[in-house]
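Colleague: I'd like to ask some things about the structure below.
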Amino acid sequence: MISLKERLTELLVNNKLITQEQLAKALKVQAEKGGRLSDIIIGLNFIKESDLISTLREGLGFPLIDLRR
């Protein structure tokens, strides 16, 4: 079974939201410092949080819940 992390990285790369090189850098940072890969990708300014949320919602079938309401 494919993990959520693997599915997310596949979606981001296949949809050309990040490159293989950016993914490799983010994974290196994660290995060195720990943390969630999604936070690292956003923190490195490879992708905007809103794009990540859209990818999760569309690619993984997560519903969009607006907590500001």
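The values are calculated or read from the model by the stated rules, or taken from the named source; none is laboratory data. From a predicted model like this one, the values you see are computed outputs, not experimental measurements. For neighbour counting, all protein chains shown are included, and Cβ atoms are generated from backbone atoms with ideal geometry for every residue, glycine included. Surface areas here come from the heavy atoms of the whole protein model, side chains and all, with no ligands, DNA or RNA. Shrake-Rupley method; radii C 1.70, N 1.55, O 1.52, S 1.80 Å.
Colleague: By how many nm would the segment from Gln20 to Arg57 grow when fully extended, if each residue of separation counts as 0.36 nm and the alpha-carbon distance is taken off?
Modeller: Taking 0.36 nm per residue and subtracting the Cα distance, the gain is 11.1 nm.
Colleague: Please identify every one of the trypsin sites (Lys or Arg not before Pro) in the stretch 15-45 that sits in a loop by DSSP and has no more than 10 other beta carbons within 10 Å of its own beta carbon.
Modeller: Loop-located and lightly packed - Lys16.
Colleague: Sticking with this structure for a sec: What full-extension length gain, to one decimal in nm, is calculated for Glu6 and Gln30 as 0.36 nm per residue of separation minus the Cα-Cα distance?
Modeller: 7.2 nm
Colleague: Okay, next question. Taking all pairs of different Cα atoms in the chain, averaging 1/r and flipping that mean, what Kirkwood radius in angstroms comes out?
Modeller: Hydrodynamic radius (Kirkwood, Cα pairs) of the chain is 12.6 Å.
Colleague: Calculate the spin-label point distance for Glu49 paired with Leu67, positioning each point 7 Å from the Cα along the beta-carbon direction, and give it in nanometres.
Modeller: My value for the distance between the label points is 0.9 nm.
Colleague: Now for a separate question. Carbon-plus-sulfur fraction of the accessible area of the chain, 1.4 Å probe, in percent?
Modeller: After summing per-atom areas, the C and S share lands at 53 percent.
Colleague: Oh, and also: Might you tell me the accessible area per residue for the stretch 13-63, computed with a 1.4 Å probe and given in Å²?
Modeller: Ligands and nucleic acids excluded, the result is 68 Å² per residue.
Colleague: Ok, one more. In deg cm²/dmol and to the nearest 500, what is the mean residue ellipticity at 222 nm of the chain if only DSSP H runs of at least 4 residues count, each as -39500 (n - 2.57), divided by the residue total?
Modeller: Only helices count here, giving -19500 deg cm²/dmol.
Colleague: Still on this structure, I have one more. Over the chain, what is the relative contact order in percent, taking alpha-carbon pairs closer than 8 angstrom and at least six residues apart?
Modeller: Answer for the chain is 26 percent.
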